[in-house]
Amino acid sequence: MRDEPLVLGIETSCDETGVGIVRGHTLLADALASSVDQHARFGGVVPEVASRAHLEALVPTMQRALDEAGVTLADVDAIAVTSGPGLAGALLVGVAAAKGYALAAEKPIYGVNHLAAHVAVDTLEHGPLPEPAVAMLVSGGHSSLLLVDDLTAGVTPLGATIDDAAGEAFDKVARLLGLGFPGGPIIDRSARDGDRASIAFPRGLTAQKDLVAHRFDFSFSGLKTAVARWVESRERAGEPVPVADVSASFQEAVCDVLTAKAIDACRSNGVRTLVIGGGVAANSRLRVLAEERAARHGIAVRVPRPGLCTDNGAMVAALGSHLVAAGVAPSRLDLPADSAMGLTEVSVPG
Ligand code: KG4
Ligand code: ZN
């Protein structure tokens, strides 16, 4: 519908420069430039390299998005940009660019929360989100369970990782197996040829004693260490490391814990919709296991297609569109890049 808001979203919180354009819940453009190859040899994202890459990619990515959507900046009703959380220098590039475009084209600007945007993106594929819902965000920097009563007003944290993020665990385990970076997609592929029941790796924070204080929290650092020890002992014994079996068993341990806690969060809050977002939501086993387990309890699982799970500009535009439609006031033009932006803040106030 023409009268729905046309919103442009800019994402630069990590290593993807994304510009997305949506009208209401309809995705019109999703242009992306990634600096992931430049980080591969370091085994993780190098903040300075990411900032420089955003600087180089932003204007061309912006142009590609406008061309793809067949609109000009003058047609846009609002500009949304990731204000945080993320890498400070990387965020700054997007926020500064968004301010420049907003000022030049005289458009309102919304500084938005990256994690809430990971939830909002699902509306582009599956329509309005039934609320309340439970959202599980699993990426390279975050693993959280959230209760979403009203996405435009704020979300309630239920639990989070107490050490490594789920994606970080995939990246570190891939590194110790010598598989490359980023580890998630490579382990996902390697696991297809392995036996997920072959090695019993630990399930962090699932013991009865841990459930008291950490029922909805995650811990993946012990799992990573267990995989490292297992691989070392094989190597010491001069035996070959069955990479596919290790990948499959590690992946199963992560997905088992994530899905069990997400379903428990839904059930204990009387919620019938689970949304999964963030890069790890692209994991094929996580998607299958979540579906299987949720179905047993009459819970519907919503996961965007893999390209919308990893960082992109469309998710920022989707949240911006949500905020515009709800009549939320735009942010001030001096909005900050806030690397530690809290979960309860969906957009920077006006
Ligand atoms: O959301 P995202 O693109 O960036 C952050 O905000 O961190 O997530 C990136 C993370 C990386 O750790 C990557 O290894 C992981 O998501 N990832 C996956 C898969 N695809 C990406 N993890 C498991 N399975 C996948 N298929
Ligand atoms: Zn992300």
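Scanning for something in a helix (DSSP H, G or I) and surrounded by fewer than 21 Cβ atoms within 10 Å (Cβ to Cβ), does region 151-169 turn up at least one residue? Taking every residue of region 151-169 in turn, none turns out to be in a helix (DSSP H, G or I) and surrounded by fewer than 21 Cβ atoms within 10 Å (Cβ to Cβ). Residue count for region 283-305 satisfying the condition of being within 16 Å of ligand 2 (Cβ to nearest atom) and open to solvent by less than 30 Å² (accessible area, probe 1.4 Å): 4. Scanning region 141-150 for residues that are open to solvent by 50 Å² or more (accessible area, probe 1.4 Å) and more than 16 Å from ligand 2 (Cβ to nearest atom) yields 149, 150. Residue count for region 228-280 under the criterion of being farther than 18 Å from residue 197 by Cβ, within 16 Å of ligand 1 (Cβ to nearest atom) and touching a Gly at 6+ places or on another chain (Cβ under 8 Å): the result is 3.
Remark: pairs (first residue in region 209-234, hydroxyl-bearing (Ser, Thr, Tyr); second residue open to solvent by 30 Å² or more (accessible area, probe 1.4 Å) and at pLDDT 95 or above; Cβ separation under 6 Å; 6+ apart in sequence or on different chains) = 219/162; 219/163; 221/163.
Scanning region 208-223 for residues that are within 20 Å of the chain's Cα centre (by Cα) and either buried (at least 18 other Cβ atoms within 10 Å of the Cβ) or aromatic (Phe, Trp, Tyr) (or both) yields a total of 5.
Among the listed residues 81, 45, identify the single one that is open to solvent by 10 Å² or more (accessible area, probe 1.4 Å) and in contact with an Asp or Glu (Cβ under 9 Å, 6 or more places away or on another chain). Can you show your working first?
Details: 81 fails: open to solvent by 10 Å² or more (accessible area, probe 1.4 Å).
Step by step, each of 81, 45 is checked, and only 45 is open to solvent by 10 Å² or more (accessible area, probe 1.4 Å) and in contact with an Asp or Glu (Cβ under 9 Å, 6 or more places away or on another chain).
Every test in (1) in contact (Cβ under 8 Å) with a residue 40 or more places away in the chain; (2) out of contact with any helix residue (DSSP H, G or I) (no Cβ under 6 Å at 6 or more places or on another chain); (3) open to solvent by 40 Å² or more (accessible area, probe 1.4 Å); (4) away from ligand 2 (no atom under 15 Å from the Cβ) is passed by residue 32 save one, and that test is (4).
State yes or no: is residue 188 farther than 28 Å from residue 344 by Cα, acidic (Asp, Glu) and in a loop (DSSP other than H, G, I, E, B)?
On the way: farther than 28 Å from residue 344 by Cα: yes; acidic (Asp, Glu): yes; in a loop (DSSP other than H, G, I, E, B): no.
For residue 188, the condition - farther than 28 Å from residue 344 by Cα, acidic (Asp, Glu) and in a loop (DSSP other than H, G, I, E, B) - is not met.
Residues that are open to solvent by 10 Å² or more (accessible area, probe 1.4 Å) and under 17 Å from residue 179 (Cβ atoms) within region 224-250 comprise 224, 228, 230, 232, 234, 235, 240, 241, 242, 243, 244, 245, listed in sequence order. Per the conditions (1) more than 15 Å from ligand 1 (Cβ to nearest atom); (2) under 30 Å from residue 194 (Cβ atoms), the sole criterion not satisfied by residue 320 is (2). Among the residues making up region 170-203, those that are near ligand 1 (Cβ under 10 Å from one of its atoms), among the hydrophobic types (A, V, I, L, M, F, W, C) and open to solvent by 20 Å² or more (accessible area, probe 1.4 Å) are 181, 186. The residue list 133, 160, 153, 166 contains one member that is touching a residue at least 24 places away in the same chain (Cβ under 8 Å) and closer than 30 Å to residue 234 by Cα, which is 166. Just wondering, is there one or more residues in region 61-81 that are of a type outside the set (Val, Ile, Thr), within 15 Å of residue 339 (Cα to Cα) and within 16 Å of ligand 2 (Cβ to nearest atom)? No, the conditions are met nowhere in region 61-81.
Just one of 347, 268 is touching a Phe, Trp or Tyr at 6+ places or on another chain (Cβ under 8 Å) and of a type in the set (S, T, N, Q); which is it?
Values: 268 fails: touching a Phe, Trp or Tyr at 6+ places or on another chain (Cβ under 8 Å).
Going through 347, 268 in turn, the sole match is 347.
The test for being at pLDDT 95 or above, within 16 Å of ligand 1 (Cβ to nearest atom) and farther than 15 Å from residue 316 by Cα does not hold for residue 133.
Rundown of residues vs (1) surrounded by fewer than 19 Cβ atoms within 10 Å (Cβ to Cβ); (2) in contact with a Phe, Trp or Tyr (Cβ under 9 Å, 6 or more places away or on another chain), yes/no style:
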site	(1), (2)
311	no, no
319	no, yes
322	no, no
327	yes, no
331	no, yes
335	no, yes
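Contact annotation: residue pairs with Cβ atoms under 8 Å, 6 or more positions apart or on different chains, pairing a residue in region 84-105 that is within 14 Å of residue 62 (Cα to Cα) and open to solvent by less than 20 Å² (accessible area, probe 1.4 Å) with a partner that is of a type in the set (Asp, Glu) and modelled with pLDDT of 95 or more, are 94/11. Residue selection: residue 316 satisfies the criterion of being within 13 Å of ligand 2 (Cβ to nearest atom), under 18 Å from the mean Cα position of the chain (by Cα) and in the same structural domain as residue 29 (by TED's automatic domain parsing). Within region 31-40, not a single residue is over 27 Å from residue 179 (Cβ atoms), at pLDDT 95 or above and not small (Gly, Ala, Ser).
The values are calculated or read from the model by the stated rules, or taken from the named source; none is laboratory data. Predicted model, so just to flag it, every value in this text is computed and none were measured. No Cβ is skipped: glycine too gets one built from the backbone with ideal geometry, and neighbour counts run over all protein chains shown. The protein model used for the area step is the full one, side chains on, heavy atoms only, and it has no ligands, DNA or RNA in it. Shrake-Rupley method; radii C 1.70, N 1.55, O 1.52, S 1.80 Å.
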